[in-house]
Amino acid sequence: MAITLMLAMLWLMVSNEAGKRLRKIIIFAAIAILINNTYINTRLFYSANVSWEADRAMANRIVERIYALDPPLTGGKIPVAFIGMYRPEANELFYSLDILGMSFFSVASLSPGRTMKVFNFIGDPNPELHYVEQHEQRLSDDMPSWPAKGSVKIIDNVV
């Protein structure tokens, strides 16, 4: 904020001392920057919204696959382990800047605990995070990648 305020003060000082022509250029530049920032912010908001809707749909598809397996309950919860990372295909709708507009699964896969929060947010309180051990990771090596059939399995009572 300090840099923006400093630039605004400099522009104000220059516009007060400038002639008509320079004042018009400064006003035109300010309007162009305003339009550009509005465009970028609107596009990022739209992208974040579209990305979240796609993530919600993905979480619902995963939950449907989990329940189709008739998983075992452990203390009223379904032990679920996430292996790998989901990266949605590039699309013009998914404009991203840093983490804004990125798929939650591609960011949250670095932390499986955050992935579980998506399932809790969509209203399914049953999945419970189970951290993958190395021997379980080897058991899943023969599994195909999502969304292929067989990409969700029950191994040692863990989905």
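The values are calculated or read from the model by the stated rules, or taken from the named source; none is laboratory data. Quick caveat: nothing in here was measured; it's all calculated off a predicted structure. Cβ placement follows ideal geometry from the backbone for every residue including glycine, while neighbour counts extend to all protein chains displayed.
Would you confirm whether or not the stretch 33-44 contains a residue that is at pLDDT below 80 and of a type in the set (Ser, Thr, Tyr)?
Step one: filter the stretch 33-44 for residues at pLDDT below 80, giving none.
There is no residue in the stretch 33-44 that is at pLDDT below 80 and of a type in the set (Ser, Thr, Tyr).
Take the conditions farther than 30 Å from ASP142 by Cα and touching a Gly at 6+ places or on another chain (Cβ under 8 Å) and apply them to ALA29. Does it pass? Before you say what the answer is, go through the steps one by one.
Details: farther than 30 Å from ASP142 by Cα: yes; touching a Gly at 6+ places or on another chain (Cβ under 8 Å): no.
For ALA29, the condition - farther than 30 Å from ASP142 by Cα and touching a Gly at 6+ places or on another chain (Cβ under 8 Å) - is not met.
Output yes when any residue across the stretch 77-100 is modelled with pLDDT of 75 or more and part of a helix (DSSP H, G or I), and no when none is.
no
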